[in-house]
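Asks: This structure is in structure tokens; I'll ask about it shortly.
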Amino acid sequence: MSTKTVLIVDDEPDIRQLLDITLSRMGLETRTAADLSEARAALDLGDTDLCLTDMKLPDGNGISLVEHIQQHYSDTPVAMITAHGSVETAITALKAGAFDFISKPIELERLRSLVVNALKLEPGGQAAEAQDTTLIGETPEIADLRAQVNKLARSQAPVYISGESGSGKEIVARLIHSRGPRSSGPFIPVNCGAIPPELMESELFGHTKGSFTGATDDKTGLFQAARGGTLFLDEVADLPMAMQVKLLRAIQEKAVRPIGAAAEVATDVRVLSATHKDLAREVAENRFRSDLYYRINVIGLHVPSLRERREDIPLLANFLLQRLANTAEQVTHRLTDAAMTALTNYGFPGNVRELENILERACTLCNGELIEVEDLRLSQGVELEPVQESASHAGPPPVEAAFGNLDDYLENIEREVLTRALEQSRWNKTAAAKLLGISFRSLRYRLKKLELDD
């Protein structure tokens, strides 16, 4: 394998020398440039695998170099060197297409980590797209989403993923992780709405033994557990205001302080976040901090609802039926033309997650291999109304059906109640738990017990 080459662009000779020595000790070739014109001439020589550039240069700024590289050498990652605390500059660089940034004074361990991650990138990314089996669809909306995922996978910028419940935000986050240089590291998803507020800081940042009542051992927080990988903050809008402040600091400083610890601990993690709520409205109504919003929303990515790409429903339905058959090791069920038409015309407030649950239920209810319209038991319209069922399903089965089979009888009733609550709450589990008058943890336990959890 040929030696990788790094272009160092900085007008300070001492910085160029420090970077040159550090990278040479990593077994890398280096080229140096003191300004934009020298940098462009060095890039024209070809074979540049990574560019490190200062923000302020004698004949311009580093942002213009980032844009030049994006336009002419899109496979070459570029990282920005910024002044300490220049958050706005770092965000501007990331929006322009920079892979990552590092602040002065340069921490060599952080520099080495950045370089290692950047040089893991593979040119192009077409192979990853060809192997994709999770973003199913052929509509322009899904094609655009694939292209954005491939591009964002090559960056370390924080990404905010928006979209309705059940649209596939976590799938998108996992794809960004798996196609990027952190793919060999852990992907740690955390539902911010499912952690009790009093445990949030300990879960995210960890704690030391004896730091509070019940802390009998040191605990590693999720930021540390995701070291070298990606931390996915789902339903980030549900974070308490006090935790938003601490999360902002952790992201900006790339360090966390476990509860009870005397010093901060450096982190090496990419943060992706998501919520089904309108985060801009949450900011406007003072329920979410504007500074944190702009920090996690460096790049926004919208996942389309299933209603926005109806033409993909037949493809998705057939894919999901095949996957259900493989999982259950049974024959693949097929939809009649009428059933497929009914699915295509349905509003899907629960999106892809709802489609999968409908098909799984239909496979259980249908007679034989063909799924009929009545097996789907669809609600009417986008705004869910109570499910209109035939007389045979107007209520729970007769009590006599429980004789000799009480466990199955009760499980079937519980499964029906949970499914109806999820449909009524548009597959928002937190809302479904409130509707049922139980805790989120209890709902999650019941869904897992009945194999309804996704």
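Asks: Could you please state, rounded to a whole Å, how far the C-alpha centre of the range 10-84 is from the C-alpha centre of the range 249-306?
Replies: Computed from Cα coordinates, the inter-centre distance equals 29 Å.
Asks: In the full protein assembly as shown, how much of ASP217 is accessible to a 1.4 Å probe, in Å² to the nearest 10?
Replies: 100 Å²
Asks: Something else now. Run the reach check for LYS4 against lysines, Cα to Cα strictly under 18 Å, same-chain hits fewer than 8 apart removed. What comes back?
Replies: Those lysines meeting the cut-off are LYS120.
Asks: What number, rounded to the nearest 500 deg cm²/dmol, is the helix-based mean residue ellipticity at 222 nm of the chain, given -39500 (n - 2.57) per DSSP H run of at least four residues and division by all its residues?
Replies: Here the helix-only value at 222 nm equals -13000 deg cm²/dmol.
Asks: In whole Å, what are the Cα extents of the chain along the three principal axes, biggest one first?
Replies: Computed over the chain, the largest-to-smallest principal extents equal 87, 55, 43 Å.
Asks: Using a 1.4 Å probe and counting only protein heavy atoms, arrange LYS151, LYS449, LYS277 so the residue with the most accessible area comes first.
Replies: Largest accessible area first, the residues go LYS151, LYS449, LYS277.
Asks: Please report the projected area of the range 38-108's Cα convex hull averaged over all directions, in nm².
Replies: That works out to 4.8 nm².
Asks: Next up: Taking amide H atoms as placed 1.01 Å from N in the peptide plane, list the residues 5 or more away in sequence, or in a different chain, whose amide H sits under 5 Å from that of ARG31.
Replies: VAL6, LEU7, ILE8
Asks: Mind putting a number on the dipole of the range 258-373 about its Cα centre? Charges go on the C-beta only, +1 for Lys and Arg and -1 for Asp and Glu, and I need it in Debye to the nearest 20.
Replies: In total the dipole reaches around 280 debye.
Asks: Need one number for the range 315-384: average projected area of the convex hull over its C-alpha atoms, nm².
Replies: 4.2 nm²
Asks: Nothing charged except the Cβ atoms of Lys and Arg (+1) and of Asp and Glu (-1): what's the magnitude of the dipole of the chain about its Cα centre? Round to the nearest 20 debye.
Replies: The calculation lands at about 1020 debye.
Asks: Can you give me the solvent accessible area of PHE187 with a 1.4 Å probe, rounded to the nearest 10 Å²?
Replies: Taking all protein chains as shown, PHE187 has close to 30 Å².
Asks: Next question, about the same structure. What percent do you get for the relative contact order of the chain when only Cα pairs under 8 Å and 6+ apart count?
Replies: This gives 11 percent for the chain.
Asks: What net charge do the residues around GLU372 carry, taking every other residue with its C-beta under 12 Å from that of GLU372, with Lys and Arg at +1 and Asp and Glu at -1?
Replies: -2
Asks: Over 24 Å between Cα atoms, which of LYS151/LYS246; LYS219/LYS434; LYS95/LYS254; LYS104/LYS209; LYS246/LYS277; LYS254/LYS277 qualify?
Replies: Beyond 24 Å between Cα atoms: LYS151/LYS246; LYS219/LYS434; LYS104/LYS209; LYS254/LYS277.
Asks: In square angstrom, what is the accessible area per residue of the chain with a 1.4 angstrom probe?
Replies: Using a 1.4 Å probe on heavy atoms only, each residue of the chain averages 49 Å².
Asks: While we're looking at this one, here's another question. With the full set of protein chains in place, find how many percent of the accessible area of the chain is carbon and sulfur; take the probe as 1.4 Å.
Replies: 50 percent
The values are calculated or read from the model by the stated rules, or taken from the named source; none is laboratory data. Bear in mind that the values here come from a model prediction, so they are computed numbers and not experimental data. For neighbour counting, all protein chains shown are included, and Cβ atoms are generated from backbone atoms with ideal geometry for every residue, glycine included. When the accessible area is computed, the model is the full protein with side chains, heavy atoms only, and any ligands, DNA or RNA have been set aside. Shrake-Rupley method; radii C 1.70, N 1.55, O 1.52, S 1.80 Å.
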